[in-house]
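*Asks:* After the structure tokens below, expect a handful of questions from me.
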Amino acid sequence: MEKKLICINCPIGCHLTAERSNDSDAWSVTGNRCPRGELYARNELTDPRRVVTATVRCNSELMPRLPVRSSEPLPKRYIDALLNRLYDMEVKIPVKRGEVLIANVENTGIDVIFSCDCGK
Amino acid sequence: MIHDFSYDIAVIGAGAAGLAAAAETAKSPFRTVVIDREDQLGGILRQCIHNGFGLRYFKEELTGPEYADRVAALAAKPNVEFKTGTAVTEIKRLPDNGFELLAFSAAEGVSRIRARALFLGMGCRERNRGNLAIPGSRPAGIFTAGAAQKLLNIEGMLPGKSAVIVGSGDIGLIMARRLRWSGVEVKAVVEIMPHPSGLTRNVVQCLNDFGIPLYLEHSVVNIAGRERVQYVEVAPLDNGIPQLDRQFRIECDTVLFSVGLIPENELSRQLGVELNPATGGAIVDANLQTSVPGVFAGGNVLHVHDLVDFVSEEAADAGRSIVHYLDGTLNSQANPVTVSANLKYVVPNKFNTGEKGTYSFRPLIVSDAATLEAELNGRLVWKRKFTYVKPAEMLKVELPAEILNESGTLVFRLQEEA
Ligand SMILES: Cc1cc2nc3c(=O)[nH]c(=O)nc-3n(C[C@H](O)[C@H](O)[C@H](O)COP(=O)(O)OP(=O)(O)OC[C@H]3O[C@@H](n4cnc5c(N)ncnc54)[C@H](O)[C@@H]3O)c2cc1C
Ligand code: SF4
């Protein structure tokens, strides 16, 4: 079996070909210019993931919303529920870039962190 | 009352470019002022809350605000002063070779700022519907993609409930996902070209992930609605001509335009800086110095970049050149650099004999086997193969000093392999 994918890990966008024989579940990947592409193809075919970015409401005078992100790419099936949870929140400043807003989303070990500082 | 200030270097714009230039001038003994009309540092990066920045410059994948904080921290040194919330409204050359800026801020009123050298880092603005001339009424609900991005990501307001995006530039693609993730339905992206104008990764993760249709070689021929947009009409193109017999209607209350960026060179014009029609930015030499001595440029004001990392690299080079200029050690002999086949432009437009040079290009073709070649005085002196070239991706290469060992004309071309 052969699958064509495009790596989204960096702007180069390598065109990847993943191949696997019918009696094995290991994909062999070609077309990647760096090891991240190989990993991407394997994940994409078994457990696709994306970095989630969003904003949350806060009580700052300067910034009505604060940008947040998942610390790592999150399995796609958890994204919609996470976004709904984020949109229902209101956070209290001060916060620091990198500070954890939600720890260990759905037991994945992945956190939601703030993308910027906000002091007032 | 007018306040007077004086510095060695004035940086206009505190985006990725201005901050990277200031981070370099900060390493010299010279005093730098960085001026931006926004209250926060980082320019357009502030509203780009998605990830995908910094892999090259910081070796880490960051969101726009994270990248902005990193470059701002590099520039925050005792000999660098920041004036935010301050718009530069006028700029002129002084008879003794320096420059004078007029700037306005709500806090300080009008300031007169003198500097011996300038870095132009004003970024770019978006093309809008006026530049395109799409017929139809003028209802509410029509935005440029960047304006909608600011509204949503900074102010937290939704532009509408269901949207059609005109143009497949990166900002439009990123906005398609952002809208979807914010509960707005995205009906379609409509592109007149046969290929998307944004990065492939953005087509994959912003459209394909959500099953949003991308109509290539299609054009919006009408925007309808009285007070608010009600629908658009879209027609396929045949040799650039809309096939009205095959047009169809898409209901939506919002239309976003993502149809390109134009370098913001009002101030450069006031200075008499010579501009390049192919880029919309200044003509610069290998030191990123414009036609006006002491005025340097980098980032989107010079040519539109798709990668912030390239913006920072270019602006950092300009920052180092400014220090050499003020030291009196800048080599400014300049030979012409031009492009021929399959390239829209090259930056810079001049090279210095015996110095290495960094060149950026915008390809005109889509190809998976192409060779970039450099000819000095008609002699092939350098080449490199690329396995993917496309107009959406800028090419950037470095030519070693040994190659540029004689004066004359350097011509680049892109050859497609059979
Ligand atoms: C929506 C969008 C998405 C992008 N996505 C990516 C991505 O995923 N990955 C990536 O690597 N790159 C991306 N880019 C590209 C990259 O972020 C930009 O090219 C880069 O940030 C531009 O930096 P700049 O400093 O040249 O311009 P800007 O950030 O636009 O900065 C210019 C600054 O100058 C100020 N200014 C202008 N005129 C004046 C004046 N007269 N007085 C005072 N201040 C003034 C403005 O306020 C602004 O702050 C994206 C760009 C956009 C627009
Ligand atoms: S394989 Fe590596 S170089 Fe290619 S797109 Fe993925 S991350 Fe970029």
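The values are calculated or read from the model by the stated rules, or taken from the named source; none is laboratory data. Not measured: the values here are computed from a predicted model. Cβ placement follows ideal geometry from the backbone for every residue including glycine, while neighbour counts extend to all protein chains displayed. Surface accessibility is based on the protein's heavy atoms, side chains included, excluding ligands, DNA and RNA. Shrake-Rupley method; radii C 1.70, N 1.55, O 1.52, S 1.80 Å.
*Asks:* Restricting to the range A:86-107, name every residue that is of a type in the set (D, E, K, R), away from chain B (no Cβ under 12 Å) and either surrounded by 16 or more Cβ atoms within 10 Å (Cβ to Cβ) or at positive phi (or both).
*Replies:* A:Glu106, the sole residue that qualifies.
*Asks:* Does B:Asp317 meet the test of being of a type outside the set (A, V, I, L, M) and either open to solvent by 70 Å² or more (accessible area, probe 1.4 Å) or in contact with a His (Cβ under 7 Å, 6 or more places away or on another chain) (or both)?
*Replies:* Taking the combined requirement at face value, the residue does not satisfy it.
*Asks:* If the Cβ limit is 7 Å and pairs must be 6+ apart or interchain, which residue in the range B:303-324 that is within 10 Å of ligand 1 (Cβ to nearest atom) pairs with which residue that is charged (D, E, K, R)?
*Replies:* The qualifying pairs are B:Asp306/B:Asp170; B:Asp306/B:Glu393; B:Asp309/B:Arg56; B:Phe310/B:Lys396.
*Asks:* Condition (residue is within 16 Å of ligand 2 (Cβ to nearest atom) and without any contact (Cβ under 8 Å) to a residue 12 or more places away in the chain) applied to the range A:57-67: is it met by at least one residue?
*Replies:* Pass one, the range A:57-67, residues within 16 Å of ligand 2 (Cβ to nearest atom): none.
Within the range A:57-67 (the criterion being within 16 Å of ligand 2 (Cβ to nearest atom) and without any contact (Cβ under 8 Å) to a residue 12 or more places away in the chain), the answer is no, since none of the residues qualifies.
*Asks:* A further question on this structure: Filter the range B:43-77 for residues that are within 16 Å of ligand 2 (Cβ to nearest atom) and open to solvent by 30 Å² or more (accessible area, probe 1.4 Å); which is nearest to the other protein chains (Cβ to nearest Cβ)?
*Replies:* B:Leu55
*Asks:* Please work out if A:Glu72 is open to solvent by 40 Å² or more (accessible area, probe 1.4 Å), within 16 Å of ligand 2 (Cβ to nearest atom), of a type in the set (D, E, K, R) and under 15 Å from the mean Cα position of the chain (by Cα).
*Replies:* yes
*Asks:* Restricting to the range A:33-56, name every residue that is within 16 Å of ligand 2 (Cβ to nearest atom) and among the hydroxyl-bearing types (Ser, Thr, Tyr).
*Replies:* Within the range A:33-56, A:Tyr40 is the sole residue that qualifies.
*Asks:* Within the range B:147-163, track down each residue that is surrounded by 20 or more Cβ atoms within 10 Å (Cβ to Cβ) and among the hydrophobic types (A, V, I, L, M, F, W, C).
*Replies:* Listed by number, the residues that qualify are B:Ala148, B:Leu152, B:Ala163.
*Asks:* Right, next: What strands (runs of 3 or more DSSP E), lying completely within the range B:155-248, carry at least 3 residues that are hydrophobic (A, V, I, L, M, F, W, C) and at pLDDT below 95? Please lay out each step first, then the result.
*Replies:* Details: elements: B:162-166, B:185-191, B:214-216, B:218-224, B:231-238.
In the range B:155-248, B:218-224 are the strands (runs of 3 or more DSSP E) which contain 3 or more residues that are hydrophobic (A, V, I, L, M, F, W, C) and at pLDDT below 95.
Every residue, every condition in (1) open to solvent by less than 30 Å² (accessible area, probe 1.4 Å); (2) within 13 Å of another protein chain (Cβ to nearest Cβ), yes or no:
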residue	(1), (2)
B:Ala106	no, no
B:Arg116	no, no
B:Leu120	yes, no
B:Arg127	no, no
B:Ile165	yes, no
B:Ile171	no, no
B:Gly183	no, yes
B:Ser197	no, no
B:Asp209	no, yes
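*Asks:* Moving on to the next point. Specify the residue that is most open to solvent (accessible area, probe 1.4 Å); the eligible residues are those in the range A:25-55 that are more than 9 Å from chain B (Cβ to nearest Cβ), assigned to a loop (DSSP other than H, G, I, E, B) and touching a helix residue (DSSP H, G or I) at 6+ places or on another chain (Cβ under 9 Å).
*Replies:* Among them, the one singled out is A:Asp25.
*Asks:* Okay, next question. Which residue is nearest to ligand 2 (Cβ to nearest atom), if the candidates are limited to the range B:256-271 and must be in a helix (DSSP H, G or I) and among the charged types (D, E, K, R)?
*Replies:* Per the stated criteria, the residue is B:Glu266.
*Asks:* Tell me the residue from B:Ala140, B:Ala103, B:Ala145, B:Ala87 that is within 9 Å of ligand 1 (Cβ to nearest atom) and closer than 26 Å to B:Thr254 by Cα, please.
*Replies:* Being within 9 Å of ligand 1 (Cβ to nearest atom) and closer than 26 Å to B:Thr254 by Cα holds for just one of B:Ala140, B:Ala103, B:Ala145, B:Ala87, which is B:Ala145.
*Asks:* Still on this structure: Are there any pairs, at least 6 apart or on different chains, whose C-beta atoms fall under 6 Å, with the first in the range B:180-197 and among the acidic types (Asp, Glu) and the second surrounded by fewer than 21 Cβ atoms within 10 Å (Cβ to Cβ) and in a strand (DSSP E or B), and if so, which?
*Replies:* Within 6 Å, the pairs are B:Glu185/B:Ser162; B:Glu191/B:Leu216.
*Asks:* Looking only at the range A:108-120, count every residue that is touching a residue at least 40 places away in the same chain (Cβ under 8 Å) and within 13 Å of chain B (Cβ to nearest Cβ) and tell me the total.
*Replies:* Going through the range A:108-120 one residue at a time, the tally reaches 7.
*Asks:* Sticking with this one: Residue by residue through the range B:1-42, note down the ones that are within 16 Å of ligand 1 (Cβ to nearest atom), among the polar types (S, T, N, Q) and open to solvent by 30 Å² or more (accessible area, probe 1.4 Å).
*Replies:* B:Gln40
*Asks:* Then there's this: If only one of B:Leu151, B:Leu158 is of a type outside the set (D, E, K, R), in contact with a Gly (Cβ under 9 Å, 6 or more places away or on another chain) and within 14 Å of chain A (Cβ to nearest Cβ), which one is it?
*Replies:* Being of a type outside the set (D, E, K, R), in contact with a Gly (Cβ under 9 Å, 6 or more places away or on another chain) and within 14 Å of chain A (Cβ to nearest Cβ) holds for just one of B:Leu151, B:Leu158, which is B:Leu158.
*Asks:* A further question on this structure: Since B:Asp285 meets every condition but one in (1) crowded, with 19+ Cβ neighbours inside 10 Å; (2) at pLDDT 95 or above; (3) of a type in the set (Asp, Glu); (4) under 20 Å from the mean Cα position of the chain (by Cα), which condition does it not meet?
*Replies:* Checking B:Asp285 against (1) crowded, with 19+ Cβ neighbours inside 10 Å; (2) at pLDDT 95 or above; (3) of a type in the set (Asp, Glu); (4) under 20 Å from the mean Cα position of the chain (by Cα), the one that fails is (2).
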